[in-house]
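Working notes, structure below.
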Amino acid sequence: MSAFAVSNLTIHRVVTLIDPAADCAALDKLGRELLTMNRKALLVRYGQYIADENLPQSRIDAYEFRPLGSGVPDIDRYKASRCLLYQCNEDPEVESDPLYVRLEAASFLLARNIVAYLPEYEKSDAWQ
């Protein structure tokens, strides 16, 4: 596997997926926690030098949520969540991290909702 530092845009897409009712201050904090989780994976995979080069603590500390508006497609939010989850998997302890668990659950629910509204789902006669 490999890992990279996700973009702030990815984090912007993900924070409202995890906590859609939060205010901006709470989303700032959540974004910093997600970036910290991402940084931990970089540290595990590549060590301090690469983590510092690609996701310095100063970037995490400076993170501020930027609203993207209501036009963000669910598929973009889903893909962003899967990207972040994948990038964090270098840390063998991440799956027990409560934030990772929340993100995984939110991603799963979003995927289920996306599928439930597909025309193919509506047309399927498999509900018997």
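Answer with yes or no whether SER124 is closer than 19 Å to PHE4 by Cβ and hydroxyl-bearing (Ser, Thr, Tyr). No; evaluated as a whole, the condition is false for this residue.
Pairs meeting the criteria (first residue in the range 110-128 and under 30 Å from VAL14 (Cα atoms), second residue modelled with pLDDT of 90 or more and of a type in the set (Lys, Arg), beta carbons under 7 Å, at least 6 apart or on different chains) are LEU110/ARG77. Residues in the range 56-74 that are of a type outside the set (Phe, Trp, Tyr) and modelled with pLDDT of 95 or more: PRO56, GLN57, SER58, ARG59, ILE60, ASP61, ALA62, GLU64.
Each residue in the range 75-121 was checked for being outside any helix (DSSP H, G or I), farther than 21 Å from ALA3 by Cβ and not hydroxyl-bearing (Ser, Thr, Tyr), and 1 of them qualify.
Every residue, every condition in (1) under 27 Å from TYR117 (Cα atoms); (2) not acidic (Asp, Glu), yes or no:
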| site | (1), (2) |
| --- | --- |
| ARG39 | no, yes |
| ARG59 | no, yes |
| GLY71 | yes, yes |
| GLU95 | no, no |
| ARG102 | yes, yes |
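If you go through the range 81-114 and pick out every residue that is over 18 Å from LYS40 (Cα atoms) and either touching a Cys at 6+ places or on another chain (Cβ under 7 Å) or of a type outside the set (Val, Ile, Thr) (or both), you end up with 9. Scanning the range 30-69 for residues that are closer than 19 Å to MET1 by Cα, assigned to a loop (DSSP other than H, G, I, E, B) and of a type in the set (Gly, Ala, Ser) turns up just one, GLY47. When the range 47-88 is filtered for residues that are surrounded by fewer than 15 Cβ atoms within 10 Å (Cβ to Cβ) and of a type in the set (Ser, Thr, Tyr), the ones remaining, listed by number, are TYR49, SER58, SER70. Among the residues of the range 10-29, those that are in a helix (DSSP H, G or I) and free of Cβ contacts under 8 Å to residues at least 24 places away in the same chain comprise ALA25, ALA26, LYS29. Within the range 1-36, if we keep just the residues that are crowded, with 18+ Cβ neighbours inside 10 Å and among the small types (Gly, Ala, Ser), the residue that is farthest from GLN57 (Cα to Cα) turns out to be ALA3.
The values are calculated or read from the model by the stated rules, or taken from the named source; none is laboratory data. On a predicted model such as this, the values are computed, not experimentally measured, just so you know. As a convention, Cβ positions derive from the backbone with ideal geometry for all residues, glycine included, and neighbour counts pool all protein chains shown.
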